[in-house]
């Protein structure tokens, strides 16, 4: 039996680890969903914190009270037969996120080592396929190592940027500089931007459902949900503050991988560390998405005919998803994040966020358990 502390921490840790690659690894995501607004961007950040926390609390408590710990059972309670719409949206978003990961890997290798962009794209595709071939235990070990490495690296990067350019950060807020984006004074637009960011990241919530069996009370659901929201949002604010150190420099805010531009003044060592750590994190996220989808298909197949997917079928599912992502990666990371993520966010909000907000809040006001 896990300690109470580990029980309420684990869901947030899992959510954060899955969020890393598609949510904030390159820095491009933070530019699109906050950084471009300059001094006003923190409002989007607060909306993100509130959204992540609220949806985590509602998800955790819904699973606990309904005694459902897999995405299909939860979605059936939320939208009935419409759960298949979520499944389709999840698959499309998964391919889109893998395409962003592949595109980012290509940009990183091109910027750091001068390799052709396609080398990075093919490399991440190969690594993702290899990890899925190795199996879930190997994936879990690599994921843990990658998550720890990324947070260590991000802490060092954030401290380095802020310590060298703290005056620029203070100037942005003192002068309320919002010059890069004219819409930044519209409060509703800032909040909606944060909601959209939460929306496309709703795809990570199914990854933590298996941990919720250890939550035993409504109070633990609430505490765990708040912790999850904080763990998921702290890296956003860390990257946002780093971007403010260069605001409104179009070389940084217009870069496919802003972190690379921000770290250039610190020499090649920082660039190489970033390339290795973030590159591996991109592989982790893409691997987790495909592995999770294969697991759901396998469970469905087993439920119907009591046989698991064969290795060949699993390989074919991986291959189809990876090939689709490889070709989609040609669109480029900036367009994929700016347009693709926003479109899929609306689908995830519609099929998961809204039903959860309609049906789950009443669970928080039921007679105490």
Sorted by Cβ neighbour density within 10 Å, fewest at the top, the residues 328, 316, 58: 316, 328, 58
Residue 251-residue 342 FRET efficiency (beta carbon distance; Förster radius 35 Å; 0.05 resolution): 0.90
Cβ-based exposure ranking for 349, 215, 159, in which fewest neighbours within 10 Å come first: 159, 349, 215
Contour minus Cα-Cα distance for residue 119 and residue 65 (0.36 nm per residue): 14.6 nm
Protection-proxy order for peptides 24-30, 258-264, 63-69, each taking the mean of Cβ atoms within 10 Å per residue, highest first: 24-30, 258-264, 63-69
Listed peptides 84-95, 233-244 by packing density, highest first (mean Cβ within 10 Å): 233-244, 84-95
Sites residue 72 and residue 130, calculated FRET efficiency, Cβ-Cβ separation with R0 25 Å, nearest 0.05: 0.30
For peptides 170-180, 192-202, sequence by mean Cβ density within 10 Å, most packed first: 192-202, 170-180
Order of 251, 70 - criterion: other Cβ atoms within 10 Å of each residue's Cβ, fewest first: 251, 70
Inter-probe distance in nm under a simple model that places probes 7 Å from Cα toward Cβ, at residue 156 and residue 84: 5.0 nm
Cα gyration tensor category, rounded, prolate or oblate, for segment 173-223 with a/c compared to 1.5: prolate
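A short reminder: the numbers here are calculations on the coordinates, not readings from a lab. Keep in mind that what you see is a predicted model, and the values were worked out from it rather than measured. All Cβ positions, glycine included, derive from the backbone under ideal geometry; neighbour counts span all protein chains shown.
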